1. How large is ³J(HN,Hα) for each residue in the range 88-104, as worked out from phi by the Karplus curve 6.51 cos²θ - 1.76 cosθ + 1.60 (θ = phi - 60°), to whole Hz, x for Gly and Pro?
2. What Kirkwood Rh does the range 121-164 have if only Cα atoms enter the pairwise 1/r average? Answer in Å.
3. May I ask for the equivalent-ellipsoid semi-axes of the range 110-184, computed as the square root of five times each C-alpha gyration tensor eigenvalue and listed largest first in whole Å?
4. Please give every one of the lysines within straight-line cross-link reach of K172, meaning a C-alpha to C-alpha distance under 27 Å, and leave out same-chain neighbours fewer than 8 residues apart.
5. Arrange the peptides 55-62, 71-78, 31-38 so that the one whose residues have, on average, the most other Cβ atoms within 10 Å appears first.
6. Tell me, what are the semi-axes, in whole angstrom and largest first, of the equivalent ellipsoid of the range 78-152 as set by the roots of 5 times the Cα gyration tensor eigenvalues?
7. Step through the residues of the range 43-53 one at a time and calculate ³J(HN,Hα) from phi using the Karplus curve (6.51 cos²θ - 1.76 cosθ + 1.60, θ = phi - 60°), rounding each to whole Hz and writing x for Gly and Pro.
8. Taking K87 as the anchor, which aspartates and glutamates have their alpha carbon closer than 20 Å to its alpha carbon, excluding any fewer than eight residues away along the same chain?
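Nothing in this text is a laboratory measurement; each read-out follows from the coordinates by a stated rule. From a predicted model like this one, the values you see are computed outputs, not experimental measurements. Here the Cβ is made from the backbone with ideal geometry for all residues, glycine too, and neighbour counts use every protein chain on show.
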Amino acid sequence: MKKTFALIACVLLVAGLAACNTDKGPADLAIKADEAAIQAVADEAGKYVPEQLKATQDALAAAKDKFAKGEYKEALAAATELGNKAKELAAAAAAKKDELTKAWNDLAASLPQTVASLQAKIEELGKAKKLPKGMDKAKLTQAQEGLAGITKAWDEASAAFTAGNLTDALAKAGGLKEKGAEVMALLGMAPAAEAPAAAPVK
């Protein structure tokens, strides 16, 4: 009887190992495919959705750990779920990039015009023999300094955009539209027509 039970135990063990081994190959292939998919979007995701990238990479590490421990069925299930996470990561990175690009394009369509208008007005006042009512040299100097600050920040933001750093570009350009409006008010200029609202940057 003992021999019978021992034999049954061995059969069950072999059957269990066989079942595990049937998941080993698919799990290995799935994990490798997921890893390749994540690596393909890692650069973009790192720029635009870094937290989601980290969560996906952590999930990949967990799937690899299960595989290393011989938990092939669990590893296959984790890899299947990870495949969905990789797709979501790619979609989220693309969506965030589009959002930031739109925000930049909206700003780029209006700010240079504001800067040009301010520059022209300041030059006009600088050449005037007598400043208009409500304007004095102190205000004109303040406006010149304000314009210089806006121009410098915009140049830095444009350089960041050209280098492909959208997030950094928008961070450097943050508040420039409002600063431009402040200088216009200082010079007694009417505000420029409102451009379409930029997409919010999160």
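1. Whole-Hz 3J(HN,Hα) from phi for the range 88-104: 5, 5, 4, 5, 5, 5, 5, 5, 5, 4, 4, 4, 5, 5, 5, 4, 5.
2. Computed over Cα pairs of the range 121-164, the Kirkwood hydrodynamic radius comes out at 12.1 Å.
3. 29, 10, 9
4. Partners within reach: K47, K54, K96, K97, K102, K121, K139, K152, K202.
5. On the way: 55-62: 15.8, 71-78: 19.8, 31-38: 17.4.
Put in order of decreasing packing, that is 71-78, 31-38, 55-62.
6. Its equivalent ellipsoid spans semi-axes of 51, 11, 7 Å.
7. For the range 43-53, the Karplus-derived couplings read 4, 5, 5, x, 7, 10, 9, x, 5, 5, 4 Hz, x marking Gly and Pro.
8. Partners within reach: D28, D34, E35, D43, E44, E51, D58, D98, E99.
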